[in-house]
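To keep things clear, I will list the structure first and then write my remarks on it.
The values are calculated or read from the model by the stated rules, or taken from the named source; none is laboratory data. Everything quoted here is computed from the prediction, not taken from an experiment. Methodologically, a virtual Cβ is constructed for each residue, glycine included, from the backbone with ideal geometry; neighbour enumeration extends over all protein chains shown. SASA here: full protein model, heavy atoms, side chains in, ligands and nucleic acids out. Shrake-Rupley method; radii C 1.70, N 1.55, O 1.52, S 1.80 Å.
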Amino acid sequence: MKLVLVEGDITEQRVDAIVNAANSSLMGGGGVDGAIHRRGGPEILEECRALRASRYGRGLPVGAAVATTAGRLPARWVIHTVGPVYSRSEDRSHLLASCYRESLHVADSLGASTVAFPAVSTGIYRWPMADAARIALAAIRHAGSSVTEVRFVLFSPAAYADFEQALGDMG
Ligand code: APR
């Protein structure tokens, strides 16, 4: 598996699937979630509503992932995952790692070979970037997925630098 870091906007990526840092409601929000729904159009929300009416009546659990169409985006699918809110008093790293593992599992089941991820939980959910980068890269390395390219799309030079450092530390 090739691991690639880019600075940019995930909604512009030409990959099979992009991952959304969603919330359990699957009904949209700010940050990446807002951008994906805005640029992807209403078809994505329609599928999210259908998922809430069927498999996920109580919402998508933290650490889980599910796919919908990508609507008008260049990607074919959006894989929605729900990151944990960062906590200083409780270690929720396993839930953040699970987001990456489960998203790749969904990608495998779709037959997606290229997948782009944002830095899940590092915005509104306040996870420190360097720590999130370390957890994300380790989870992906150990996921045992058939995906051939994982692209991290970092939204700022600082986020890019943290991921570059974490990738270097991993060797
Ligand atoms: N492309 C790539 N990365 C982006 C983009 C974009 N278009 N927009 C924001 N980001 C970055 C942020 O800078 C941050 O580093 O994505 C990372 C994740 O931030 P959030 O989108 O705030 O996601 P998260 O911290 O997981 O919080 C999830 O936010 O939008 C709501 O509905 C969502 O309630 C949920 C919560």
| field | Sites matching trypsin sites (Lys or Arg not before Pro) across the stretch 62-98 that sit in DSSP coil, with at most 12 neighbouring C-beta atoms within 10 Å | value | ARG72, ARG88
| request: Note down the net charge around PRO42, summing +1 for each Lys or Arg and -1 for each Asp or Glu among other residues with Cβ under 13 Å from its Cβ. | output: +1
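Tell me, what is a quarter of the convex hull surface for the C-alpha atoms of the stretch 1-88, in nm² with one decimal? List each step's numbers first, then the result.
Values: hull surface 26.6 nm².
Averaged projected hull area, Cα only: 6.6 nm².
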| message | Quick one: 3J(HN,Hα) in Hz for the stretch 125-137, Karplus 6.51/-1.76/1.60 with θ = phi - 60°, rounded, Gly and Pro as x. | response | 8, 6, 6, x, 4, 4, 5, 4, 5, 4, 5, 4, 5
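Hey, what's the Cα Rg ratio for the stretch 2-170 versus the globular rule of thumb, 2.2 N^0.38 Å? Please report the intermediate quantities before stating the final value.
Values: Rg = 14.5 Å, N = 169, 2.2 N^0.38 = 15.5 Å.
Ratio of Cα Rg to 2.2 N^0.38 Å: 0.94.
What does the accessible area per residue of the chain come to in Å², with a 1.4 Å probe and no ligands, DNA or RNA counted?
Per residue, the chain has 47 Å² of solvent-accessible surface.
Looking at the stretch 9-80 only, what percent of DSSP beta bridges run antiparallel? Nearest 5 please. Mind showing how you got there, number by number?
Working: 4 of 8 bridges.
So the antiparallel bridges amount to about 50 percent of the total.
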